[in-house]
Each structure stands twice: as C-alpha cells, then as structure tokens.
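FYI, it's all coordinate maths here, none of it is from the lab. Predicted model, so just to flag it, every value in this text is computed and none were measured. Here the Cβ is made from the backbone with ideal geometry for all residues, glycine too, and neighbour counts use every protein chain on show.
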Amino acid sequence: MTGERHVLVIANETAAGEALSAEIRRRAESGPVRVTVLAPVTQPSQGYVVYQDTRRAAAGRRLDKTVGKLREAGIPAQGLVVEADPVDALRDAIHQLEPDEVIVSTHPEQKSGWLRRNKVEQMQKVAGDLPFEHVVVDLAAEHGPSNVLVVANQTVLDEPLLALIRERAARSPASFLIISPQGQSDTSYDEAERRLRRAVALLRSEAIDAHGQISHPDPYQAVMEAVEDERIDELVVSTFPGERSGWLRQDLVERLRKDTNLPIEHVESEPETTGVKG
C-alpha cells in the first residue's frame, strides 16, 4: 500500500505489554503501518545452565499475544524470535528489513537489564537517522488477566491440580503457564513432555487459557527464571505428599514463598488420583 510505514519493534519481556500495543496503535491512527516485532532471546542472570528452547518458547508466547492484538486492531504484523543481542538484532534488521522507524520497549529503569547495560542508547545510535522511540512498559501496573505460573511434573495430570486450575479460572480471568522441570534422561524428558501436552490440551478443551513448556530440571531454578522472564502474579506448586516428594524434602514451597514474594497455592496428590493416565 502506498504510504505504508514499516515500524520495527525490538522487545522481549515487555512485548505483550499494553503500553507497547497502545503506542503502535497510535502510529496506525495517523496512517497505514505494518509492524515487525523482534524478540531477542535474553540470557539468564543466574549462573546456571539454561535451556535455550525454554527462553525461545517464552519469547514466542509473548510475540503471539502481541501480534494477535495488533492484527485484531487491523494492523498487519509479524513477530520473530532472534537469538542475538538486542543491538545486533536491530543492526541486522535495519539492513535486511529497511524499516521506516524503530520502537524499543523495556521495563522501567529499576528492572530493565537493557537500560542497565546501556543497550537502548546503543540501539539509538545504530538507528541513526531513523525515527526512534523508547517505550517503557510497567507490567506490574498494567491490568488484565492474572498470570498464574504452575510448576508440576509427575502430578501435572492429577485431578487435584486440574481441579485447582479450573476453580481459579472460574474465579476471575487468568492465563496459566505450566512448567514441567525435565528429568535428566531422554526418556524422562519425553514422558514429561507427553504429560504436559495432554494437560494443556485438556485445559484448552475447557476454554481455559493454558500454555506449557519443559523447563530447567531444578524446580526452584525453573520458577525463578520464569519469574524473571514473565509477569507472574500467582504461583501454584503441585507435588506428591510429604516425604514422597523430593521437592518438599528440598523445602521448595517455602523457598519460593520467600524468594518470589508471590501468593502460592500448594496442592498435593497421590499417584492413584491421576485423572488421565500418563
């Protein structure tokens, strides 16, 4: 379309923020635009080995939400996850996509790693003469469905956990991210992925907004990485009871209660309560 402007957006953890979507919609009100959103995959601040597919999956989910909202507003949009530093991602995108302007989205200064590392200033220099805007997205201040993080592996298909998710979904709007810490062997990984896929499919069949991903094998580390990457409002931990649970022997629930400062619900289930055999 003649006169259509190509807006390039660089965003990752804030990609699904309403402030960013609103800024893009304002652009569209002044004339036709098409939008490309790039999400550079972030590296963890922790010293642990991280599973890159987990980071890519989280970035991809945020992009899907953003692109979906823009398309609903009648704005042509596409999203791409890129494994690159945000400055390098912008430099490559300017050469390959030839955008007309650039928007960079970050957390507020106190939470933004990009701002602490002067990435926004570097990106502005890379943009050169292109119009450049920095949008600050305060996810904690934005309203909308609550983001509920569920951590479960062998109990992910158990009826007590599924019942709790159903009850929470009925109480008020919520989106559920279920993470299953992977085992150390290929077999345990495959089993965890199969259980997780079935749990997500079951919940979605009941019109519950659910997503799932295999995560770091240490459940504490898996949760802390998710809390760092996503806006999480509530946490659900599903385990076997008492001494049967390695997670409880590690005092997982209390450690997460202390270190996340999130409201936590802990649900226990015996193997025989499994609603769908995994």
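Can you give the calculated 222 nm mean residue ellipticity of the chain, where each DSSP H run of n ≥ 4 adds -39,500 (n - 2.57) and the sum is split over every residue, rounded to the nearest 500 deg cm²/dmol? Kindly include the intermediate steps, with their values, before the conclusion.
Details: 10 runs with 115 residues, N = 278.
Mean residue ellipticity at 222 nm (helix-derived): -12500 deg cm²/dmol.
Only Cα sites of the chain enter the Debye sum here, all with the same form factor; the resulting log10 I(q)/I(0) across q = 0.11, 0.15 1/Å is -0.67, -1.11, listed in q order.
Ranking 248, 36, 238 by how far each Cα lies toward the positive end of the dipole of the chain (charges on Cβ) leaves 36 at the top.
Taking the range 104-119 and a reference point 7 angstrom along Cα→Cβ of residue 26, the backbone N atoms nearer than 18 Å belong to 104-109.
For a quick check of your reading of the filter: which GluC sites (Glu not before Pro) in the range 90-191 sit in a DSSP loop and have no more than 11 other Cβ atoms within 10 Å? All intermediate terms of the calculation are to be shown ahead of the outcome.
Numbers: sites: 101, 109, 121, 133, 142, 167, 191; in loops: 109, 142.
Of the GluC sites (Glu not before Pro), the ones in loops of the range 90-191 whose Cβ has at most 11 other Cβ atoms within 10 Å are 109.
Report the calculated FRET efficiency for residue 265 and residue 202 (r = Cβ-Cβ distance, R0 = 22 Å), to the nearest 0.05. Using R0 = 22 Å, I get an efficiency of 0.70. Residue separation of residue 140 and residue 125 scaled by 0.36 nm, minus their Cα-Cα distance, works out to 2.5 nm of gained length. When 107, 95 are arranged by Cβ crowding within 10 Å, least crowded first, meaning fewest neighbours, the order is 95, 107.
The phi torsions of the range 6-21, fed into the Karplus equation with coefficients 6.51, -1.76 and 1.60 and a -60° offset, translate into couplings of 9, 9, 9, 10, 10, 7, 10, 5, 9, 4, 8, x, 5, 4, 5, 4 Hz, rounded to whole numbers, with Gly and Pro shown as x.
With N counted as the residues of the range 145-273, its alpha-carbon radius of gyration over 2.2 N^0.38 Å works out to 0.96.
Sort the following peptides by mean Cβ neighbour count (other Cβ atoms within 10 Å, averaged over residues), highest first: 146-152, 70-76.
Working: 146-152: 22.7, 70-76: 14.7.
Result, highest mean Cβ count within 10 Å first: 146-152, 70-76.
Amide H to amide H, with H built 1.01 Å from N, residue 33 comes under 5 Å of 5, counting only residues 5 or more places away or on other chains. Across the range 215-222, rounded Karplus estimates of 3J(HN,Hα) from the backbone phi angles (6.51 cos²θ - 1.76 cosθ + 1.60, θ = phi - 60°) give 10, 3, x, 7, x, 5, 5, 4 Hz, Gly and Pro being marked x.
Computed from the C-beta positions of residue 111 and residue 234, the FRET efficiency with R₀ = 22 Å rounds to 0.70. For residue 236, the residues whose amide H sits under 5 Å from its own are 149, 150, 151, 265, ignoring neighbours fewer than 5 places away on the same chain, with H placed 1.01 Å from N.
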